[in-house]
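As structure tokens, the structure follows; a few thoughts come after it.
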Amino acid sequence: MQQVGLDRRALGSLVKMRKALDLDRVMEAVQRAGVDVLTWADDAYPASLRNIHDPPPVLYVKGALTETDAWAVAVVGTRKATAYGRQITEQLVDALARSGVTIVSGLAKGIDAVAHRAALNAGGRTVAVLGSGVDVIYPSEHRDLAQAIAGAGALVSDYPLGAQPEAANFPPRNRIISGLALGVLITEAGDRSGALITADYANNQGRDVFAVPGNVISPGSRGTNRLIQDGAKLVMGVEDILTELNLGMVEQQAEVREAIPTTEIEAQLMTLLADAPMHIDDLCRLSEMSIAEVSSSLTLMELKGLVRQVGAMQYAVAHDARARYVVD
């Protein structure tokens, strides 16, 4: 550890912590709490999160993460939600959840809680990313909500059991909120809202940022209006999100993916499309395959939600597929 540059103080702290840590005792506590622990080495570790900058090496999960959570949208916003913010959040989340989209948020007061409840009321899946251990619910009045989320999705944290909700924990946890999603929707946020941190992480991770416009003289809409001014996609209805993220047929895509495994041809085409959209003729030339082989494969890949047409015979990797498939 000295050779890689750790100073004496950091080295001493690590050695002291290692001596005090009883891993068997930790695992017993995790099992008693009904919590799963995922690391980078686990197949169940979310692929979309694995590929961000600074992915958490350990995730604590209460509930269950599933394959369908690859189709997720994060919905975040101000803790001081107005009636307008609550209404538009409920409408958009209800439509997203009924389309098979998992809703990711942070269990905070205001917009986050509205988003979680709207997803549950629609019979959908929702994931809450905490700034504490998954056994320490903050705010405490959301304990019932957290229990419902764990039953219809998951509570997730990279902080160990017993970790308290320190203020410094929340900004870095926002990278997990955006990292688990294909895009981030901010429905209402002021100039200093923590939701804007999530939007920054989303931009850095290559995720789409969506924002709902609001009254220009309302303090709660200054953040969202500024995001739109800076290039976030303006949302007037759920179709603005579903179309942009190719989420119009989530359930069907999941069924096709499960029924029909990825072939070598599809893997080769995914590699060719990794950097930029490409015309079908160029795909045929570079892959040295016939037009019939490439065309039929692309059709099936569209059904799986792996690729999408972005122009006349131009194809690109779909958002969630880019996160799920790592091309060397």
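Quick check, is D54 in contact (Cβ under 8 Å) with a residue 60 or more places away in the chain and charged (D, E, K, R)?
Considered against the rule, which asks whether it is in contact (Cβ under 8 Å) with a residue 60 or more places away in the chain and charged (D, E, K, R), D54 comes out as yes.
How many of the residues in the range 167-195 are within 14 Å of D112 (Cβ to Cβ), touching a Gly at 6+ places or on another chain (Cβ under 8 Å), part of a helix (DSSP H, G or I) and not charged (D, E, K, R)?
Result for the range 167-195: 4.
Which residue out of G194, G190, G223, G206 is small (G, A, S) and over 22 Å from G110 (Cβ atoms)?
Among G194, G190, G223, G206, only G206 is small (G, A, S) and over 22 Å from G110 (Cβ atoms).
Does Q164 satisfy the condition of being in the same structural domain as G77 (by TED's automatic domain parsing) and either in a helix (DSSP H, G or I) or among the charged types (D, E, K, R) (or both)? Steps first, please.
Working: in the same structural domain as G77 (by TED's automatic domain parsing): yes; either in a helix (DSSP H, G or I) or among the charged types (D, E, K, R) (or both): no.
In short, no.
Please go through the range 22-42 and give me each residue that is surrounded by 11 or more Cβ atoms within 10 Å (Cβ to Cβ) and among the hydrophobic types (A, V, I, L, M, F, W, C), ordered by number.
Listed by number, the residues that qualify are V26, M27, A29, V30, A33, V35, V37, L38, W40.
Filter the range 159-192 down to residues that are acidic (D, E) and buried (at least 23 other Cβ atoms within 10 Å of the Cβ), then give me how many there are.
Matching residues across the range 159-192 total 1.
Taking Q314 as the residue in question, decide whether it is in contact with a Pro (Cβ under 6 Å, 6 or more places away or on another chain) and modelled with pLDDT of 85 or more. Reasoning before the result, please.
Numbers: in contact with a Pro (Cβ under 6 Å, 6 or more places away or on another chain): yes; modelled with pLDDT of 85 or more: yes.
Against the criterion (in contact with a Pro (Cβ under 6 Å, 6 or more places away or on another chain) and modelled with pLDDT of 85 or more), Q314 qualifies.
Are there any strands (runs of 3 or more DSSP E) wholly within the range 36-104 with 3 or more residues that are within 19 Å of F170 (Cβ to Cβ), and if so which?
58-63, 72-76
Just one of S99, S140, S132 is modelled with pLDDT under 95 and assigned by TED's automatic domain parsing to the domain that holds G183; which is it?
Just one listed residue meets the conditions, S99.
Please go through the range 209-224 and pick out each residue that is touching a helix residue (DSSP H, G or I) at 6+ places or on another chain (Cβ under 9 Å) and in a loop (DSSP other than H, G, I, E, B).
Answer for the range 209-224, where residues must be touching a helix residue (DSSP H, G or I) at 6+ places or on another chain (Cβ under 9 Å) and in a loop (DSSP other than H, G, I, E, B): V212, P213, G214, N215, V216, S218.
Scan (1) out of contact with any helix residue (DSSP H, G or I) (no Cβ under 9 Å at 6 or more places or on another chain); (2) modelled with pLDDT of 85 or more; (3) surrounded by 13 or more Cβ atoms within 10 Å (Cβ to Cβ) for the single condition M236 breaks and write down its number.
Unmet condition: (3).
Which of the residues spanning the range 211-220 are crowded, with 18+ Cβ neighbours inside 10 Å and touching a residue at least 60 places away in the same chain (Cβ under 8 Å)?
Answer for the range 211-220, where residues must be crowded, with 18+ Cβ neighbours inside 10 Å and touching a residue at least 60 places away in the same chain (Cβ under 8 Å): V212, G214, G220.
The values are calculated or read from the model by the stated rules, or taken from the named source; none is laboratory data. All of these numbers come straight from a predicted model, not from anything done at the bench. As a convention, Cβ positions derive from the backbone with ideal geometry for all residues, glycine included, and neighbour counts pool all protein chains shown.
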